[in-house]
Amino acid sequence: MEGQDTKGKIAVIGLGISGLAALKNLLEQGFDVVGIDRNDYIGGLWQFTEDKKQVSVLKTTIANSSKQFGCFTDFPFSDDVPDYPTALDVAKNLQDYAKRFDLFQHIRLGVNISRIERSKDGQKWDIHLNEKGEVKSKIEKVSKVLVCTGPWERSHRPTYEGEANYEGIMLVGKEYKGPAEFRDKRVLIVGMANTACDIAVDLVGAAKEIYISHRSGTRIIPRMMDAPPFKNTLGVINDHITGRLSDGSVKLLGGIKRFSPHGVISDGEKETEVDVVIFCTGNYFDYSILSHEADPTKLGDSSEWDQAEHSNGLMYPRLYQTLFHPNFAESLAFLGPCRGFSFAVHSNADLASQAIAQVWKGNYTLPDTTERSEWCEKNYKASLGVIKNWRTFRTGHFSAGEFEYWLNTVAGTQVNEYLGWGRKGWTFWWNDREFYNLIVRGVNTPFLYRLFEGREGGRKKWDGARKEIWKANGKVPPEDR
Ligand SMILES: Cc1cc2nc3c(=O)[nH]c(=O)nc-3n(C[C@H](O)[C@H](O)[C@H](O)COP(=O)(O)OP(=O)(O)OC[C@H]3O[C@@H](n4cnc5c(N)ncnc54)[C@H](O)[C@@H]3O)c2cc1C
Ligand SMILES: NC(=O)c1ccc[n+]([C@@H]2O[C@H](COP(=O)([O-])OP(=O)(O)OC[C@H]3O[C@@H](n4cnc5c(N)ncnc54)[C@H](OP(=O)(O)O)[C@@H]3O)[C@@H](O)[C@H]2O)c1
């Protein structure tokens, strides 16, 4: 296709789910890409690590998105993996994905990026990097950067009156790596979301007493019910915490008022003595490796956001469509700081990086800088409405539905056309009614984004998509019956 531009090197920084999807989708479009990670393995937080500086799964973690919903658009989990994969299953799936699409030859591991800044000539990005074991950093120039460093780098931890005099141990959730360290200890976990409940259950049988302190309650949902796997849900997804609360092995406390030398004061003036406090109060994206001009939290005035009751230290990034730096949309994008359109990270990262590849290739033209900045302001105003009422651990698009529609348009998946009201939609509905209904009413799977022939030069169709959609719904396609 004329006008396509795949020249110049792209650096994808971070090789978790987001970075791997991005690397694969950019390579698919003919770009020269290098994927970089500071770890000597790929997969990001799905690989358990004893490194207390890094968020990772526990050895006992089970994904809270099903394998039919939380997977890449063209790479299903294998049949022997349960509906809700273990951390090992997810880590293996990521390894297999990298092998299947020959990604390793484009990957550099054990390379830490310490700074990303515009080069002096204003044409490229300088990435400052340290190869493992080397103290001195090097600078390499690349044409474009896709930042996929993970949304959980910076731990958020509230502070309390009296904590300086507390004589026990205080940790943040990412420093918890298993129950052995806490044998016979009285442990208090602050927060009652997924990390908190996973840790509480992990401690049962080892810790002497386990408490969870929560200030606003939650909804607890098991993974499996007498219904299809969950498509979208908010709250804690945990199969064991309800039982552990019922049998008293985990006890609940209200919000902490202050610390005493031996524990915490909550629920009126009740003192609970504990040896260890683990704050599972969230983690946020870290922008500190970005120079001022590259940092999307430095664009515009976010004071109203910062002062909102629920912002809780979460910084606001101004990103066009929650992905592109508005001033450098042709060369700087992000996957991770913003929530995306779906609860499952695979779909967000895969479809968004398909769209980014199309924009950078010149197949879709974004509006100019002024319009992009105006969009960012509009999204900021809408986000203020949310943060005044609710806590959120990631900022997002003002409308998940509009965002998904936009991504499909830009990626050229034809999903909007085939599921819309036009001729393609009517023909599809008329000719393939059972399948159409399955897509619209059945399990939400990412294979949909590779089902239809895209526009010329657009993202690639995957021939296995149709069969996988039937399979995810527990059905056999008519042609195989
Ligand atoms: C315990 C846990 C369980 C979860 N379960 C689910 C789930 O079941 N379903 C779901 O949809 N989501 C889940 N999530 C949400 C989670 O965000 C995603 O699953 C996903 O792993 C995020 O992928 P990522 O690639 O964006 O980030 P990460 O997996 O964090 O990867 C980021 C990568 O960037 C690298 N990196 C960071 N900084 C640098 C640097 N300066 N230089 C070089 N490399 C760098 C890191 O080493 C890492 O490999 C879970 C989150 C947690 C914490
Ligand atoms: N098994 C799994 O698949 C799994 C396991 C772990 C994590 N995850 C995922 O990882 C992401 C992060 O989850 P998370 O549990 O680490 O973090 P989170 O969802 O951000 O939850 C933070 C918790 O801390 C509490 N909190 C925040 N600020 C507080 C304050 N100032 N004082 C008291 N309490 C405070 C919150 O309570 P309020 O509601 O009152 O604000 C909430 O209970 C989610 O996407 C989650 O699904 C998945």
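The numbers here are math on the coordinates, done by the rules we state, and not lab data. In this text the structure is predicted, and so the values were computed from the model without any measurement. Here the Cβ positions follow ideal geometry from the backbone for every residue, glycine too, while neighbour counts run over all protein chains shown.
So here's what we get for this one:
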read-out: For the stretch 409-452, alpha-carbon Rg and Dmax in angstrom; value: 10.1, 28
read-out: Dipole of the chain [Lys/Arg +1, Asp/Glu -1 at C-beta], most positive-end residue of Ile212, Val33, Gly44; value: Val33
read-out: Qualifying GluC sites (Glu not before Pro) in the stretch 248-288, DSSP loop, other Cβ atoms within 10 Å at most 14; value: Glu269
read-out: Residue pairs, from the table Lys174/Lys471; Lys177/Lys471; Lys52/Lys361; Lys59/Lys99; Lys99/Lys124; Lys53/Lys185, whose Cα atoms sit over 32 Å apart; value: Lys174/Lys471; Lys177/Lys471; Lys52/Lys361
read-out: Geometric extent, Cα atoms of the stretch 71-125 - Rg, Dmax (angstrom); value: 17.2, 53
read-out: Local net charge near Asn379, Cβ-Cβ under 11 Å (Lys/Arg +1, Asp/Glu -1); value: +1
read-out: Antiparallel content of DSSP bridges confined to the stretch 157-281, in %, to 5; value: 30 percent
read-out: Column: log10 I(q)/I(0), Debye, Cα scatterers of the stretch 157-281, q = 0.11, 0.23 Å⁻¹; value: -0.37, -1.43
read-out: Volume per residue that the Cα convex hull of the stretch 345-439 spans, once the total is divided by residue count, Å³; value: 143 Å³
read-out: Neighbour-limited loop hits for trypsin sites (Lys or Arg not before Pro), the stretch 45-74 (at most 14 other Cβ within 10 Å; DSSP other than H, G, I, E, B); value: Lys52, Lys53, Lys59
read-out: Cα centroid separation - the stretch 1-54 against the stretch 408-465, whole Å; value: 27 Å
read-out: Selected from Ile439, Tyr405, Tyr418, residue furthest toward positive end of dipole (the chain; charges at beta carbon); value: Tyr418
read-out: Top positive-direction residue, dipole computed over the chain with Cβ charges, set Gly263, Pro337, Val81; value: Val81
read-out: About the Cα centre, charge dipole magnitude for the stretch 415-481 (Lys/Arg +1, Asp/Glu -1 at Cβ), debye; value: 120 debye
read-out: Relative contact order computed over the stretch 12-86 (Cα-Cα under 8 Å; 6+ residues apart), in percent; value: 24 percent
read-out: Mean-position separation - Cα centroids, the stretch 231-275 and the stretch 64-86, in angstrom; value: 32 Å
read-out: Normalised contact order of the stretch 48-92, rounded percent, pairs of Cα under 8 Å and 6 or more residues apart; value: 39 percent
read-out: Cα pair distances exceeding 21 angstrom across the stretch 415-481, given as percent; value: 21 percent
read-out: For the chain, size of Cβ-based charge dipole, Lys and Arg +1, Asp and Glu -1, in debye; value: 400 debye
read-out: Environment charge at Val142 (Cβ cut-off 10 Å; Lys +1, Arg +1, Asp -1, Glu -1); value: +1
read-out: Dipole in debye (nearest 20) - the stretch 121-270, about Cα centre, beta carbon charges: Lys, Arg +1; Asp, Glu -1; value: 220 debye
read-out: GluC sites (Glu not before Pro) within the stretch 93-183: DSSP coil, no more than 10 neighbouring Cβ in 10 Å; value: Glu167
read-out: Convex hull volume per residue in cubic angstrom - Cα atoms of the chain; value: 166 Å³
